[in-house]
Every structure is written in C-alpha cells, then in structure tokens.
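Worksheet for the structure shown next.
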Amino acid sequence: MANDLQVLNALDVAKTQLYHFTAIVIAGMGFFTDAYDLFCISMVTKLLGRIYYHHDNALKPGSLPPNVSAAVNGVAFCGTLAGQLFFGWLGDKMGRKKVYGMTLMIMVICSIASGLSFGHTPKSVMTTLCFFRFWLGFGIGGDYPLSATIMSEYANKKTRGAFIAAVFAMQGFGILAGGMVAIIVSSAFKGAFPAPAYEVDALASTVSQADFVWRIILMFGAIPAGLTYYWRMKMPETARYTALVAKNLKQAANDMSKVLQVEIEAEPEKVAVISEAKGANEFGLFSKEFLRRHGLHLLGTASTWFLLDIAFYSQNLFQKDIFSAIGWIPPAQTMNALEEVYKIARAQTLIALCSTVPGYWFTVAFIDRIGRFAIQLMGFFFMTVFMFALALPYHHWTLKDNRIGFVVMYSLTFFFANFGPNATTFVVPAEIFPARLRSTCHGISAAAGKAGAMVGAFGFLYAAQPTDPTKTDAGYPPGIGVRNSLIVLGCVNFLGMLFTFLVPESNGKSLEEMSRENEGEEETVAEMRATSGRTVPV
C-alpha cells in the first residue's frame, strides 16, 4: 500500500536536484562538527598534560595519567552511545525535524562550554571538561540516527546510497578542519609567544598563554554547527514520517510539492485505507513479528558496526609509534608545548588527507554501482589481510629500513575501512527498517558501534602494552604486546566479514520494499474491499 502513495513514488523517482545537495550539506555539517569535536581532543591531550601535570625536575614533559587520559578521550564516546539510543527512539516518537534542532543546540552549547572548563586545580578542570564533553557526545550521538534517516527518506532510489554516504563523508572534512584549526592556532601563538624546548628550560617551555590554545581549538567546533541551525529548522518533516507514521498524507504532499517543485496530489481517499490497514504493520521493536522480519537484520547491522569500530578506533594505538618512527614527531623533550601541538596536528592532518578522506569519497562514488554488501565485504576482507600482514612479520616492520612500508600498510588498512564498512554500516540501517522504527534501529546499531569504539580505544590501549613490566608506558600494567593486539584485530575484522552475510542488499530498492512495510497491508486492503458492502466486518 505504501508503495502506491504518489508522494513516496515521487521521492523515489525524483531527479537529483539542488534540494538534495542542500540536504546533504545541512545534514553533513552535523557530521562535520561531530568529527571535529571527537577528533580535536586527541591533538590537545599532550598540551593538557604539559599545562596541568607538570613535575619539576622530570626528564620528560608532564602527561595525563592513564585514568585521566581515558576519561578525557572516552567520556564523549559514552555520551555518544547514550545519545544514539535516546534520540534514535525520540526521532521515531516525535518526528525527525523536531528532534534535529535539539541535537545541534546541545552540540553548540557544549562545544563552547568545553572550552570554558574552569577550576583551581587540575582535577577540577579535567572534571568540568569531562562533564561538558559527555553532553557534547550526547548531542553528537543524536545526529547519527537522525541525519541518516532524514537523508534516506529524502533521497531517490537511484542515488540514495551516495547521498547518505556523502553525509557521512563530511566527517573527513571535519577531521581535516580539526587539524587545520590546531595548526593555525598553535602557529599563531608559537609566533607571538616564543619559548625554549623542554630540555633547555622545562618551566618556560609551556607559556601561560598555551592555556588559551586548547580552549580555542575545542570551542571552534560550535561555529559550523551554529551556522546550520537556521537551515535545519527550515527543513520540512520527511514525507515518509508524515505519511507512514503520522498518517498525514495531505501535509506530506504539501511539503514535498515545495521541496521537489512538482505538483503532488494529497490522495485523501487513501488516508482511510492506510489508517485501517495499519494494524497489520504496527508491531513494536520487541515483538515476535519484528524478530521474524528484522531480527537478523538488526543483529547484522549492530554486530558489523561493533566489530568495525573495535578495529577502526584502535588506530590511535599505533599513531604515536608511526609518527615518531618516520620522524614526523621528534621526542617530546626536544620541543616546547606549542611546537608539539603543531607537529601532532600536522601529522594527523596528513594521515587524514592521504587515507581517510579519499576512502570516504570512493564509497560515495561506487556505493550505488557495486552495492553496499560488496563494499562492506571487500572492506572487511582487505582490513583482515592488512592487519595480518602487519602482525605476523611485526619485527620486520620495526626495522628502520622497513618503516615506510609499515606506514603504507597502515594507511591502506584505514583506506579500506572508509571505502568499506565504516561508511556502509552507517548507510544500511537507514534503509532496511520500517519508517516508525527506522531511527530507533539506526540508533541501536550506531550505539553498538560506539561500544566497539570504547573496546578499541581503551581495551587495546591496555592490551598493546609490552609483556615486559619494565617497558610499559607510565601507569599501565603489562599487556599482550602490539603484535598480538594486531592479530586479535585481524580476527575481529574476519568476524565482521562473516556477520556481513546477515545484512541484506538495499541497492536500487525503495525503502518500503526493503522494510516490507506493504507486507500484511495488501491482505488487509483486499479484505476491506471484499467487505465494503457489509456493516459488520467478518
């Protein structure tokens, strides 16, 4: 029945036009901000250590203790997980548009508040920073299910995958922007306030003005989010939510007539049919009917996202080894505080430019040609291959002559993460579930991903420590070593490849076809027609 609605058919066959690109930018700026906010903290953690955890007469600059470092880096992930579940559910209950503005305002307010973290002691500054970054993550979490659902419900059948992937690909630009802002701010302060290296004068190497640098970098994230707030509020509710969930065909037709600039009939005669027929399709998330139709699909989208993010976020483990191995970042004591921020930002921006951003846009180019399933399977396969290729001859890669090869293999791993499951795990959950549960199911899948991110970022931070207690980083217990960690990650990627077989291919199909929202409705409609002459239905 849903397939017969003119307003939904018009969306499915609509030519790509300016409004589609406007929607990509409006939804994508949320992801730009998300990536900026989650990424920029990694560039200032060493600076925070120098400012707030300086020890007199220490050979190396101050650094954040392991528990503080884990909290500062990880608290936003906890907020994101909670936000994905809460706003995913709320988006299905209240409508996508109403909730969309809320998430953006939380992001703007908490970006600014993070930079204004206050306190008289290091502990109080870190506590307020963690508090605001949790709520920043909460807003970011809401953006995942809402942006994906809105874009999937606006897009046409032919290019829907590319549109949703393009929204997600804005993360790449957010990562680049984070690096560029850090480079510009640290360069400006470095030029204005020269300082000696740490080994020359430990105290003078961190100028008092350095405290402004990390605050400016964190607060800058509010600007792109704030700029798109007005446009988000101007977007109409998606036609699929208005027609299939709110049951208001007239409003859906009016909204889409303005958006697509074509005349769409309201079809009032179908309102009663949809209202009568909806009983067959009103099953809830925890019902047997949902389990029968979509249980394996939800397991597939959640498990693949969980497994991907374990591997994807564990990349932070190896970045410091790689950067120092190829000479991008000299030993900390040979630099002053602002120089260190500059060098870290430059290195991370180059990695993003060379492997992260191209991978995203390869997905955009090919997702509607070769399909979601093929890209995800290929991505997991190559990630598995490169992880084992790094792990098995690990000693070979640590030799000075072979370090460039290690960097190339490392970059390829994350190229195939982005031209692979990192993009498809975001796209598919927005396409295969019913309209009234779409945002919730996407939120559940994304939250599983963030749980994987926590395992990747923190579980492996401890696991990758050397087995020899004398060689571990300060404050960390012995682990299983980098080589064994890489072998485990290779196995995780292989599992992701297997779980991909639970996820259906949605390429070229309408959302209603994928979610099977017509199933059961045809029978109800046929029964209504057969009994239309009777006063009491059989």
(message) When you check Thr33 against the structure, is it under 24 Å from Ala446 (Cβ atoms), in contact with a helix residue (DSSP H, G or I) (Cβ under 8 Å, 6 or more places away or on another chain) and of a type in the set (Val, Ile, Thr), yes or no?
(response) yes
(message) For the range 378-426, which positions are in contact (Cβ under 8 Å) with a residue 60 or more places away in the chain, touching a Gly at 6+ places or on another chain (Cβ under 6 Å) and closer than 30 Å to Arg160 by Cα?
(response) Phe380, Thr384, Phe415, Asn418, Phe419, Gly420, Pro421
(request) Select from the range 177-196 the residues that are crowded, with 20+ Cβ neighbours inside 10 Å and assigned to a loop (DSSP other than H, G, I, E, B) and list them in ascending order. (result) Ala195
(request) Could you tell me which numbered condition Gly178 fails, if it satisfies all but one of (1) within 15 Å of Phe39 (Cβ to Cβ); (2) at pLDDT 95 or above? (result) (2)
(request) Could you pull out the residue among Phe173, Phe87, Phe132 that is part of a helix (DSSP H, G or I) and either closer than 30 Å to Phe283 by Cα or touching a Leu at 6+ places or on another chain (Cβ under 6 Å) (or both)? (result) Phe87
(request) Please work out if Leu489 is under 30 Å from Leu59 (Cα atoms) and surrounded by 21 or more Cβ atoms within 10 Å (Cβ to Cβ). (result) no
(message) Would you confirm, using the coordinates I've provided, whether Ser147 is in contact (Cβ under 8 Å) with a residue 60 or more places away in the chain, closer than 30 Å to Glu237 by Cα and open to solvent by less than 10 Å² (accessible area, probe 1.4 Å)?
(response) yes
(request) Name the helices (runs of 4 or more DSSP H) wholly inside the range 312-421 in which the number of residues that are within 19 Å of the chain's Cα centre (by Cα) is 1 or more. (result) 315-325, 337-351, 357-370, 372-391, 403-418
(message) If the requirement is being under 26 Å from Pro477 (Cβ atoms), crowded, with 17+ Cβ neighbours inside 10 Å and of a type in the set (A, V, I, L, M), which of these qualifies: Leu47, Leu38, Leu64?
(response) Leu64
(message) So Ile140 ticks every box in (1) buried (at least 20 other Cβ atoms within 10 Å of the Cβ); (2) at pLDDT 95 or above but one. Which box is left unticked?
(response) (2)
(message) So, Glu282, is that one modelled with pLDDT under 80 and open to solvent by 20 Å² or more (accessible area, probe 1.4 Å) or not?
(response) yes
(request) Examine the range 287-301 for a residue that is outside any helix (DSSP H, G or I), farther than 22 Å from Ile375 by Cα and at pLDDT 85 or above, and state whether such a residue exists. (result) yes
(message) Quick test for you: out of Phe87, Phe118, pick the one residue that is hydrophobic (A, V, I, L, M, F, W, C) and at pLDDT 90 or above.
(response) Phe87
(request) Would you check which residues across the range 353-388 are over 16 Å from Ala311 (Cα atoms), open to solvent by 10 Å² or more (accessible area, probe 1.4 Å) and aromatic (Phe, Trp, Tyr) and list them? (result) Trp361, Phe362, Phe366, Phe373
(request) Scan the range 470-501 for residues that are aliphatic (A, V, I, L, M), touching a residue at least 40 places away in the same chain (Cβ under 8 Å) and closer than 19 Å to Ile310 by Cα and jot them down. (result) Val482, Leu486, Ile487, Leu489, Val492, Leu495, Met497
(request) Please work out which one of (1) touching a helix residue (DSSP H, G or I) at 6+ places or on another chain (Cβ under 6 Å); (2) open to solvent by 50 Å² or more (accessible area, probe 1.4 Å) is the condition Val13 fails and give its number. (result) (1)
(request) Give the residues of the range 423-445 that are part of a helix (DSSP H, G or I) and either open to solvent by 10 Å² or more (accessible area, probe 1.4 Å) or over 15 Å from Tyr144 (Cβ atoms) (or both), sorted by residue number. (result) Thr440, Ile444
(message) Criterion first (surrounded by fewer than 19 Cβ atoms within 10 Å (Cβ to Cβ) and more than 19 Å from Leu38 (Cβ to Cβ)) does Lys234 satisfy it?
(response) yes
(request) Go through Ala71, Ala76 for me and flag whichever is out of contact with any Leu (no Cβ under 8 Å at 6 or more places or on another chain) and either among the small types (Gly, Ala, Ser) or not in a helix (DSSP H, G or I) (or both). (result) Ala71
(request) Please indicate, with yes or no, whether at least one residue in the range 141-149 is in contact with a Lys or Arg (Cβ under 8 Å, 6 or more places away or on another chain) and more than 30 Å from Ala253 (Cβ to Cβ). (result) yes
(message) Being modelled with pLDDT under 90, part of a helix (DSSP H, G or I) and either open to solvent by 30 Å² or more (accessible area, probe 1.4 Å) or not charged (D, E, K, R) (or both) narrows it down to one residue among Lys98, Lys123, Lys158; which is it?
(response) Lys98
(request) Give me a count of the residues in the range 197-224 that are part of a helix (DSSP H, G or I), without any contact (Cβ under 8 Å) to a residue 24 or more places away in the chain and over 30 Å from Tyr154 (Cα atoms). (result) 1
(request) From (1) at pLDDT 85 or above; (2) buried (at least 19 other Cβ atoms within 10 Å of the Cβ), pick out the condition that doesn't hold for Gly520. (result) (1)
(request) Starting from residues that are among the hydroxyl-bearing types (Ser, Thr, Tyr) and modelled with pLDDT of 90 or more, keep the ones in the range 46-65 and report whichever is nearest to Ser186 (Cα to Cα). (result) Tyr52
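The values are calculated or read from the model by the stated rules, or taken from the named source; none is laboratory data. For clarity, every value in this text was computed on a predicted model and none was experimentally measured. Glycine also receives a Cβ, built like all others from the backbone with ideal geometry; neighbour counts cover every protein chain displayed. Ligands, DNA and RNA are stripped out before the accessible areas are found, and what is left, the full protein with its side chains, is counted by its heavy atoms. Shrake-Rupley method; radii C 1.70, N 1.55, O 1.52, S 1.80 Å.
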